[in-house]
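Q: Let me begin by handing over the structure; questions about it come next.
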Amino acid sequence: MTVTANILLSSKDNVLTVPSGSITEQDGVNYVKILKNGKMQLIPVETGTSSDTLTEIKSGVSAGEKVITGNGQTNNPGRVVHLLLIPDSGPGIRMGRLKP
């Protein structure tokens with residue numbers, strides 16, 4: 001017999017979040033890729049609480065910016081890029097999935 005339990009450890013409302021997979025780390029600094037004027041830019045961000053799918057962004061990007069998710073190789077013409085438009089307010093973030 002197996003059991004899966006979801007235990008809410010913390011909760012935040014109306015925070016800016018991005019998919020956790022869109023954050024990269026280089027030399028101890030977290031970055032997200034954004035699309036600005038048709039070009040990819042690597043932007044340093046300060047992260048906060050994260051769940052298994054979302055991470056809070058405390059500073060670095062703002063609502064309305066286009067965060068590149070997925071591979072993000074925009075240098076290749078014709079390559080498909082996945083974008084996430086950061087809304088003005090989000091549903092918040094809930095974390096604490098526990099799998100025994």
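Q: Can you tell me which residue within segment 38-66, out of those that are surrounded by 14 or more Cβ atoms within 10 Å (Cβ to Cβ) and in contact with a Pro (Cβ under 8 Å, 6 or more places away or on another chain), is modelled with the highest pLDDT?
A: Looking at the filtered set, the residue picked out is GLY60.
Q: Assuming VAL80 fulfils every condition listed in (1) surrounded by 12 or more Cβ atoms within 10 Å (Cβ to Cβ); (2) modelled with pLDDT under 85; (3) among the hydrophobic types (A, V, I, L, M, F, W, C) apart from one, which condition is it?
A: The single condition VAL80 does not satisfy is (1).
Q: Suppose the filter is surrounded by fewer than 12 Cβ atoms within 10 Å (Cβ to Cβ) and assigned to a strand (DSSP E or B); does ASN30 pass it?
A: Numbers: surrounded by fewer than 12 Cβ atoms within 10 Å (Cβ to Cβ): no; assigned to a strand (DSSP E or B): yes.
Against the criterion (surrounded by fewer than 12 Cβ atoms within 10 Å (Cβ to Cβ) and assigned to a strand (DSSP E or B)), ASN30 does not qualify.
Q: Take the residues of segment 1-27 that are assigned to a strand (DSSP E or B) and surrounded by 14 or more Cβ atoms within 10 Å (Cβ to Cβ): which is modelled with the lowest pLDDT? Full working, then the answer.
A: Just the residues of segment 1-27 that are assigned to a strand (DSSP E or B), to begin with: 5-12, 17-19, 23-26.
Filter once more, so that each one left must be surrounded by 14 or more Cβ atoms within 10 Å (Cβ to Cβ): 12, 17-19, 23.
Details: LYS12: 73, THR17: 86, VAL18: 87, PRO19: 87, ILE23: 91.
Result: LYS12.
The values are calculated or read from the model by the stated rules, or taken from the named source; none is laboratory data. For clarity, every value in this text was computed on a predicted model and none was experimentally measured. Cβ: placed from backbone, ideal geometry, glycine included. Neighbour counts: every protein chain shown.
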